[in-house]
Amino acid sequence: MQSTPMSNAEMRAPRKALYVFEAPVRIWHWLHALSIIVLAATGYLIANPLPSIGGEASQHFMMGNLRMIHFIAGYVFGIGFLVRIYWGIVGNKYSRELFYLPIWRKSWWKDLWGEILFYSFIRREAPPSVAHNALAQAAIWFFNTVLGLFLIFTGFALYSEGLGLESWADTWFGWVIPLLGGSQSVRMWHLFGMWLILFFAIIHIYMAVRADVMTRQTSVSAIISGWRHYRD
Amino acid sequence: MTEIVTPNGFTLDDAGQRVVVDPICRIEGHLRIEVNVDDDNIIRNAVSTGNMWRGLEVILKGRDPRDAWAFTERICGVCTGVHALLSCRAVEDALAIEIPKNANSIRNLMMLAQYTQDHLVHFYHLHALDWVDVVSALSADPRATSELQQSISNWPKSSPGYFRDVQNKIKRFVESGQLGPFANAYWGSPAYKLPPEANLMAVTHYLEALDFQKEIVKIHTIFGGRNPHPNWLVGGMPCSINVNETGATGAINMAWLNQVSDIINASIDFIDQVYIPDLKAIASFYTDWTFGGGLSGKNVMSYGEFPALANNYTNESWMLPNGAILNGDLSTVYDVDPRDPEQIQEFVTHSWYSYPNPDQGLHPWDGVTVPNFELGPNLKGTKTNIEAIDEQAKYSWLKAPRWRGNAMEVGPLARFLVAYARGHEEVKELVDSTLTDLGLPITALFSTLGRTAARGLECSWSAHKMRGVFDDMMANIKAGDVSTANMEKWEPATWPKDTKGVGIGEAPRGALGHWVHIKDTKLENYQAVVPTTWNASPRDSQGNIGAYEAALLGTPMADPAQPLEILRTIHSFDPCLACASHVMSPDGQELAVVKIR
Amino acid sequence: MPTRDTFYEVMRRHGVTRRSFLKFCSLTAAGLGLGPEFAGKIAHALETKPRTPVIWLHGLECTCCTESFIRSGHPLAGDVVLSMISLDYDDTLMAAAGHQAEELLEQTIEKYDGQYILACEGNPPLNEDGMYCIQAGKPYVEKLRHMADHCKAIVAWGSCASWGCVQAARPNPTRATPIHKVILDKPIVKVPGCPPIAEVMTGVLTYMIAFDELPELDRQGRPKMFYSQRLHDKCYRRPHFDAGQFVEHFDDEGARKGYCLYKVGCKGPTTYNACSTVEWNGGLSWPVKSGHGCLGCAEDNFWDKGSFYSAVTDFGVMGGAEATADKVGGILAGAAAIGVAAHAAASVVSHMTRGKAQETSHD
């Protein structure tokens, strides 16, 4: 599977619109975003619970519910990720951009440098690109794919502790716990992973909106409709 | 060297045969003793080597002062809890935290329970086999043993049948050929003086005490959650009291308090009906074994323990007083001030550490520890196979603490001597009545047996004291005060930027002090000077010998190949080497590279 | 070589009837969480085997494991030592000392080569050629290796032997090293905890003797029978956790009602041990029940996981400010927000100063 970027001629060719994000990619994107919001909110509250509730324990299930919601959202995040990998295989060439970095390609490194200079206001023109530019691809590869997998592995490892030894989750993910130095450390890294995702989300949203506002191509609407429009 | 006289008045002569005992068993940790005996097998030179170093205070640097109690508690699992308590006291002193009355009572109860259990286990399981011949018990007449038992106490387990069962149990054990912990010992040595009946009684109580000791510590389990290593809290105690409100089952309630009360009663019974009568009976056969006095007749010291008043660590409050006695002069007792840089200092001339100024003593707040494992030129053996140590050079992992330059003995005997000299009523009565019973003068206390006797008497004193402390606490709760922790200064934002504190007290084995320096809410320096460091200390820069070395001098050995007499005297101090071989944190200094010569 | 008694013979000679012997076996089976069919197996094992020799060594430690062991109520420590095992070497309890004590090690190797259990309390330091722990003039690690060479299996008592524990906490000045990193060729059963629960210690040991096999171990070498669940999973305060009822400060209203200690740093949710079920000192209580959170003492390197009083622990950055995941993460997210705002402002300025410059690009 390889996704050769378009030739320069192809890119420079004037066009009005391009179908970039297929429906499964768009659905996944928004489900993923939603699950991240839910996971982050519940996860933060599991680590830092709300002020204590009075009354009898049997009348409340606050932490229990928070954890349950967290687990459901975790399943959405994890299974969605699997489906997205599948779509990365069968989907269009843009659909695989988040799973690999073409570091063997000199032009990619050149583009990456060009993007950095562009966003630092040093260079006026950004290198040409279609779905994700080199910098965006690097960021998305790291924060979405690598970090996402890290959160899935640490998350399901923690989940396996509740399911118990020899459960499916323990068999698949239990090994993560000793690897990272014990349950408490896994929690700490899992929580830190959440903050990294939020860090990325802020920049990601800014970049998308900025692209819409300041460049000639659409970005936010593209992940809704799938079509990237080119103005002027 | 042939013969020298140390500044503290002991004559050392290393001309005779060298006897090495390593490991000294039935202690906590790893200790080596070497002695020279003359032609009459009398000990003329003694060398005490601390065999281990763990580096706990280095590890404490930079940590949260509220966590320090848990680290220091792991200095020792035998005197469990005492380091944790002293750590809390030191941090509370530094941060000016006042603990509630109930917390003070609970801490006292836990510490008293520790004294009671620790002394009991020490006597039967770590010390008794130095006096009691297990094999001789096999030839005892159970009926005579029963009569002996009934003549000395009202303890109900005293029938001939009971003693016969125990005797049979031991017989089968011995006949199995698998002697376990009793193998290869010194049974039949002429140094054992008890008749078979007394031996059988003592062995029986060895087993009973093993079963009973675990009951006493349940006081720790109730207030601290477990034993060994119960939980403590800076600012008070973590257990809350709730006797008459909703949810009382989740806190210290009447059911728990009643259980504590019952444990106190059972402890008093066991100590007064088993331990004390055994101690007196055994001692009566050894009254002519008067060795092992060492420093006890000269310099003894106690920091004081069991504050009757919360947050008051002075003689106004101590149930066992603070004080130091020099040169055996009981008429003058000096106050010991842990803050005075001139009083408590540690030396490393003969310890495996280096100081910027090698022969100068340092007060714990200014302490430095850089390990420096260096062996002397007269060593026999190699670096990793020491056959005989060279005591002219560095020879121990323990430092040499000194009070105003004097080597001091600490421990139950020291506490009792200080209390006696201070005119402490309860202690005077206990000591005087025991001495009268055995027909001995007060000077008889300055001996191995004196140390062992003082520990027993203190055990009884502690068990009874629990009753009083418990009743006071109940009265306080009845008056409406259920508070157990003061959390006003829990948050680091409320702390001073740079502050020092000290916590002093008495572990079962003797004077214990923790010194802390807190800077920017973290531990900048942490230092503990512990009882076994005082007692087992190597020589200092002046050549003063420590309490172990002093106590061994002049003791005749029945057979130098069987170090029974050495064990007796060393065990009478109840050594705890894991405590002693801690380390001082160097202020920002890296651990030095070690050189061997 | 003396005849080795079976456990059953010893019990009979102690006056135990066959009937009560069998009752003991079924209680043991139940105590280990095994079905009644195992009682027969235990009885058979105990009837036919001599007492297994145990060599108990002490490295760098605090002796809390031995102290815990002698607190065992079922079975009593005295019975374990006199009737179940043959404790042929234990420097904390043995009557002999010096070379008489050390001779026993060689005797055991001679008589029971490959048959004895090596119980290790504490760990060996490796720095300074091992001379931070000297025994009989030699480094402890030599003694450990020598005795391990001839043993059948090793029991690593407590967190020192299992993980390293307090002397191995940062910066581990003596390079104290857990047993499994020094002895690589023997089966090792880790029984962590600082100390482990008495009945867990005697339970593991009696299982090994009664069944003549190692207990089933988890990934990290701990017996599943006692270490397969977190304290939190069976904590009696768990309903308060699920409800969201927490002790906010020690000795507050919640503390007096026995609420969950999670917010004051309880490590029960991340600690594998049997405290919440077996409990301590004869099943009397355990840390959470007494009002203090779990320190996590059975977990690897629990000393370096940040404050014992915070639920969210740190990265173990020493000497500096506490760096919890929340603090570091919050700063990162805040920095991202500020960075984004600054970049947006700069973009606008750049856009305006460059006039109608045509830009190409992207999201």
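The values are calculated or read from the model by the stated rules, or taken from the named source; none is laboratory data. Being a predicted model, the structure only gives us computed values, none of them experimental. Every residue, glycine among them, receives a Cβ derived from its backbone with ideal geometry; neighbour counts consider all protein chains shown. Surface areas here come from the heavy atoms of the whole protein model, side chains and all, with no ligands, DNA or RNA. Shrake-Rupley method; radii C 1.70, N 1.55, O 1.52, S 1.80 Å.
If the condition is being assigned to a helix (DSSP H, G or I) and without any contact (Cβ under 8 Å) to a residue 12 or more places away in the chain, then segment A:35-58 contributes A:I37, A:A41, A:A57, A:S58. If I ask for residues that are in a loop (DSSP other than H, G, I, E, B) and open to solvent by less than 20 Å² (accessible area, probe 1.4 Å), which ones from segment A:168-178 would you list? The answer is A:G174, and nothing else.
Of note, C:F226 satisfies the criterion of being away from chain B (no Cβ under 12 Å), within 23 Å of A:Q184 (Cβ to Cβ) and buried (at least 19 other Cβ atoms within 10 Å of the Cβ). A search for C-beta distances below 8 Å between a residue of segment B:137-159 that is open to solvent by less than 40 Å² (accessible area, probe 1.4 Å) and any residue that is of a type in the set (S, T, Y) and assigned to a loop (DSSP other than H, G, I, E, B), counting only pairs 6+ apart in sequence or on different chains, returns B:S146/B:S158; B:S146/B:S159; B:Q149/B:S158. Only one entry of B:Y275, B:Y206 meets the criterion of being under 30 Å from B:L330 (Cβ atoms), touching a residue at least 40 places away in the same chain (Cβ under 8 Å) and more than 8 Å from chain C (Cβ to nearest Cβ), and that entry is B:Y275.
Evaluation of A:I116 against the conditions (1) without any contact (Cβ under 8 Å) to a residue 40 or more places away in the chain; (2) assigned to a loop (DSSP other than H, G, I, E, B) shows that the sole unmet condition is (2).
Per-residue answers, yes or no, for (1) buried (at least 24 other Cβ atoms within 10 Å of the Cβ); (2) within 12 Å of chain B (Cβ to nearest Cβ); (3) under 25 Å from the mean Cα position of the chain (by Cα); (4) free of Cβ contacts under 8 Å to residues at least 24 places away in the same chain:
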{"residue": "C:K257", "(1), (2), (3), (4)": "no, yes, no, yes"}
{"residue": "C:K267", "(1), (2), (3), (4)": "yes, yes, yes, no"}
{"residue": "C:T271", "(1), (2), (3), (4)": "yes, no, yes, no"}
{"residue": "C:W280", "(1), (2), (3), (4)": "yes, yes, yes, no"}
{"residue": "C:H292", "(1), (2), (3), (4)": "yes, yes, yes, no"}
{"residue": "C:A311", "(1), (2), (3), (4)": "yes, no, yes, no"}
{"residue": "C:K327", "(1), (2), (3), (4)": "no, no, no, yes"}
{"residue": "C:G330", "(1), (2), (3), (4)": "no, no, no, yes"}
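Working only within segment B:277-293, note down all residues that are farther than 19 Å from B:S146 by Cβ, touching a helix residue (DSSP H, G or I) at 6+ places or on another chain (Cβ under 9 Å) and not aromatic (F, W, Y). Full working, then the answer.
Our first condition is that a residue be farther than 19 Å from B:S146 by Cβ; within segment B:277-293, this holds for B:279, B:283, B:286-293.
Then drop every residue that is not touching a helix residue (DSSP H, G or I) at 6+ places or on another chain (Cβ under 9 Å), which leaves B:279, B:283, B:286-287, B:289-293.
Those that are farther than 19 Å from B:S146 by Cβ, touching a helix residue (DSSP H, G or I) at 6+ places or on another chain (Cβ under 9 Å) and not aromatic (F, W, Y): B:L279, B:A283, B:T287, B:T290, B:G292, B:G293.
For segment C:76-89, taking the residues that are at the interface with chain B (Cβ under 7 Å from one of its Cβ atoms) and more than 16 Å from B:L210 (Cα to Cα), the one that is least open to solvent (accessible area, probe 1.4 Å) is identified as C:S86.
Results for (1) more than 29 Å from B:I106 (Cα to Cα); (2) within 12 Å of another protein chain (Cβ to nearest Cβ); (3) surrounded by fewer than 23 Cβ atoms within 10 Å (Cβ to Cβ), shown as yes or no for each residue.
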{"position": "B:A191", "(1), (2), (3)": "yes, no, yes"}
{"position": "B:L194", "(1), (2), (3)": "yes, no, yes"}
{"position": "B:A198", "(1), (2), (3)": "yes, no, no"}
{"position": "B:F212", "(1), (2), (3)": "no, yes, yes"}
{"position": "B:I216", "(1), (2), (3)": "no, yes, no"}
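Taking C:K138, is it at the interface with chain B (Cβ under 7 Å from one of its Cβ atoms), surrounded by fewer than 24 Cβ atoms within 10 Å (Cβ to Cβ) and modelled with pLDDT of 95 or more? Against the criterion (at the interface with chain B (Cβ under 7 Å from one of its Cβ atoms), surrounded by fewer than 24 Cβ atoms within 10 Å (Cβ to Cβ) and modelled with pLDDT of 95 or more), C:K138 qualifies.
Given the structure, is B:L398 within 28 Å of B:M110 (Cβ to Cβ) and open to solvent by 20 Å² or more (accessible area, probe 1.4 Å)? Taking the combined requirement at face value, the residue does not satisfy it. If you check B:N244, B:N253 for being surrounded by fewer than 21 Cβ atoms within 10 Å (Cβ to Cβ), under 21 Å from B:D472 (Cβ atoms) and modelled with pLDDT under 95, only one passes: B:N244.
Filter segment C:189-220 for residues that are without any contact (Cβ under 8 Å) to a residue 60 or more places away in the chain, charged (D, E, K, R) and in contact with a strand residue (DSSP E or B) (Cβ under 9 Å, 6 or more places away or on another chain) and give the result. Full working, then the answer.
Going through segment C:189-220, the residues without any contact (Cβ under 8 Å) to a residue 60 or more places away in the chain turn out to be C:189-191, C:204, C:213, C:215-219.
In the following step, the residues that additionally are charged (D, E, K, R) were identified as C:190, C:213, C:216, C:218-219.
Correct list: C:K190, C:E216, C:D218.
If B:V37 satisfies every condition in (1) crowded, with 24+ Cβ neighbours inside 10 Å; (2) closer than 30 Å to B:A183 by Cβ but one, which is the exception? Result: B:V37 fails condition (1) only.
Which of the residues that make up segment B:157-198 are under 28 Å from C:L105 (Cβ atoms) and part of a helix (DSSP H, G or I)? Outline the logic, then answer.
Initially, segment B:157-198 is screened for residues under 28 Å from C:L105 (Cβ atoms), giving B:169-192.
Correct list: B:K169, B:I170, B:K171, B:R172, B:F173, B:V174, B:E175, B:G180, B:P181, B:F182.
All told, C:K263 meets the bar of being surrounded by fewer than 24 Cβ atoms within 10 Å (Cβ to Cβ), at pLDDT 95 or above and either under 24 Å from C:A323 (Cα atoms) or within 11 Å of chain B (Cβ to nearest Cβ) (or both).
Where in segment B:15-133 are the strands (runs of 3 or more DSSP E), entirely inside, with at least 3 residues that are within 9 Å of another protein chain (Cβ to nearest Cβ)? Spell out the reasoning first.
On the way: elements: B:17-21, B:31-37, B:43-50.
Passing ranges, in order: B:17-21.
The sole residue among C:A169, C:A156 that is among the small types (G, A, S) and within 13 Å of chain B (Cβ to nearest Cβ) is C:A169.
May I ask you to verify whether A:V146 is within 9 Å of chain C (Cβ to nearest Cβ) and either open to solvent by 50 Å² or more (accessible area, probe 1.4 Å) or touching a Gly at 6+ places or on another chain (Cβ under 6 Å) (or both)?
Values: within 9 Å of chain C (Cβ to nearest Cβ): no; either open to solvent by 50 Å² or more (accessible area, probe 1.4 Å) or touching a Gly at 6+ places or on another chain (Cβ under 6 Å) (or both): yes.
So A:V146 fails the test.
When you scan segment B:371-385, do you find a residue that is within 26 Å of the chain's Cα centre (by Cα) and in contact (Cβ under 8 Å) with a residue 60 or more places away in the chain, even just one? Spell out how you get there, then give the answer.
Of the residues in segment B:371-385, the ones within 26 Å of the chain's Cα centre (by Cα) are B:371.
Then keep just the ones that are in contact (Cβ under 8 Å) with a residue 60 or more places away in the chain; that gives B:371.
The answer is yes; a qualifying residue exists.
Mind telling me which of the residues B:F212, B:F291, B:F270, B:F223 ends up being aromatic (F, W, Y) and part of a loop (DSSP other than H, G, I, E, B)? Let's see the steps before the verdict.
On the way: B:F212 fails: part of a loop (DSSP other than H, G, I, E, B); B:F270 fails: part of a loop (DSSP other than H, G, I, E, B); B:F223 fails: part of a loop (DSSP other than H, G, I, E, B).
Matching residue, one of B:F212, B:F291, B:F270, B:F223: B:F291.
Taking C:G73 as the residue in question, decide whether it is open to solvent by 10 Å² or more (accessible area, probe 1.4 Å) and not acidic (D, E). Answer is yes for this residue.
Anything in segment B:400-428 that is more than 18 Å from the chain's Cα centre (by Cα) and charged (D, E, K, R)? List them, or say none. Before the answer, list the steps.
Keep residues of segment B:400-428 that are more than 18 Å from the chain's Cα centre (by Cα), which gives B:403-406, B:420-428.
Result: B:R404, B:R422, B:E425, B:E426, B:K428.
Between B:G304, B:G292, B:G297, the distinction of being out of contact with any strand residue (DSSP E or B) (no Cβ under 7 Å at 6 or more places or on another chain), within 20 Å of B:T532 (Cβ to Cβ) and either among the small types (G, A, S) or surrounded by fewer than 24 Cβ atoms within 10 Å (Cβ to Cβ) (or both) belongs to B:G292 only.
Conditions (1) open to solvent by less than 10 Å² (accessible area, probe 1.4 Å); (2) over 17 Å from B:R54 (Cβ atoms); (3) in contact with a strand residue (DSSP E or B) (Cβ under 6 Å, 6 or more places away or on another chain), marked per residue:
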residue: C:G98; (1), (2), (3): yes, yes, yes
residue: C:Q107; (1), (2), (3): no, yes, no
residue: C:Q115; (1), (2), (3): no, yes, no
residue: C:E121; (1), (2), (3): yes, no, yes
residue: C:C151; (1), (2), (3): yes, yes, yes
residue: C:G164; (1), (2), (3): yes, no, yes
residue: C:P171; (1), (2), (3): no, no, no
residue: C:T174; (1), (2), (3): yes, no, yes
residue: C:P187; (1), (2), (3): no, yes, yes
